[in-house]
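Asker: My questions will all concern the structure given below.
Each value in this text was obtained by applying a stated rule to the coordinates, not by laboratory testing. Everything numeric here is computed off the predicted structure, so don't read it as measured data. Glycine gets a Cβ as well: all are built from the backbone with ideal geometry, and neighbour counts include every protein chain shown.
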Amino acid sequence: MPGQRLIIRQGKGQRDRLVYLSALTCQAIQSYWLASPRQPTDYLWQQPNGHPISTHWLRQQGAQIGADVGIAHLVPQRLRHTCATRLLNAGMDIVHIQKLLGHEHLSSTMIYARVYDPTVEGDYRQALDRIARQQPPLSDQPIAVADWPTQTVKVPQLDNSV
């Protein structure tokens, strides 16, 4: 875990993947590692029988943990959705989330990450504030308008024919 990163060897699609870790995650992994004596070349996560974890085993464990705490359908994919959504709503750029999740297409990432309404509102208000700072202030003095139109403007008729 040097530099708070973990390399997953031959993950999905037999590709290596780099995973960034928080300080709290590093602490938890270190505690886990020290609680069960292993060789430096051993797999980080193992089944109780000593074999490396498999996708099937991980799904079973997730489902059981979910059932124990009252969360239906707790699967690794759901955790990825939650992670992507929380990162997006915390302000992480969607393209960076795409790279983090290992997606080739941004459309795949958009399926995972959902923008919450408060995030949209916050972003809108920040953008509006930036726009307002770029505009000259409104005058409290009336401005005379020369040659203000005094005739009625003709509105063209719409053609509703098909």
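Asker: Restricting attention to segment 1-55, and to residues there that are in a helix (DSSP H, G or I) and in contact with a Gly (Cβ under 9 Å, 6 or more places away or on another chain), which single residue is surrounded by the fewest Cβ atoms within 10 Å (Cβ to Cβ)?
Answerer: Start the filter on segment 1-55 by keeping residues that are in a helix (DSSP H, G or I), which leaves 12-14, 23-35, 55.
Subsequent filtering for residues that are in contact with a Gly (Cβ under 9 Å, 6 or more places away or on another chain) retains 12-13.
On the way: LYS12: 9, GLY13: 7.
Taking the candidates together, the pick is GLY13.
Asker: Which of the residues belonging to segment 38-82 are over 18 Å from GLN10 (Cα atoms), touching a Leu at 6+ places or on another chain (Cβ under 8 Å) and not aliphatic (A, V, I, L, M)?
Answerer: GLY62, GLY66, ARG80
Asker: Hey, another quick one. Tell me, which residue of segment 57-77 that is within 20 Å of ALA113 (Cα to Cα) and in contact (Cβ under 8 Å) with a residue 12 or more places away in the chain is nearest to the chain's Cα centre (by Cα)?
Answerer: Per the stated criteria, the residue is PRO76.
Asker: So, one more: Which of the following residues is in contact with a helix residue (DSSP H, G or I) (Cβ under 7 Å, 6 or more places away or on another chain) and among the polar types (S, T, N, Q): GLN47, GLN60?
Answerer: On the way: GLN60 fails: in contact with a helix residue (DSSP H, G or I) (Cβ under 7 Å, 6 or more places away or on another chain).
Exactly one residue qualifies, and that residue is GLN47.
Asker: Of all residues in segment 66-81, count the ones that are in a helix (DSSP H, G or I) and either touching a Phe, Trp or Tyr at 6+ places or on another chain (Cβ under 8 Å) or over 29 Å from ILE94 (Cβ atoms) (or both). Write out each step before concluding.
Answerer: Initially, segment 66-81 is screened for residues in a helix (DSSP H, G or I), giving 66-69, 76-81.
So of that shortlist, the ones also either touching a Phe, Trp or Tyr at 6+ places or on another chain (Cβ under 8 Å) or over 29 Å from ILE94 (Cβ atoms) (or both) come out as 67-69, 80-81.
So the answer is 5.
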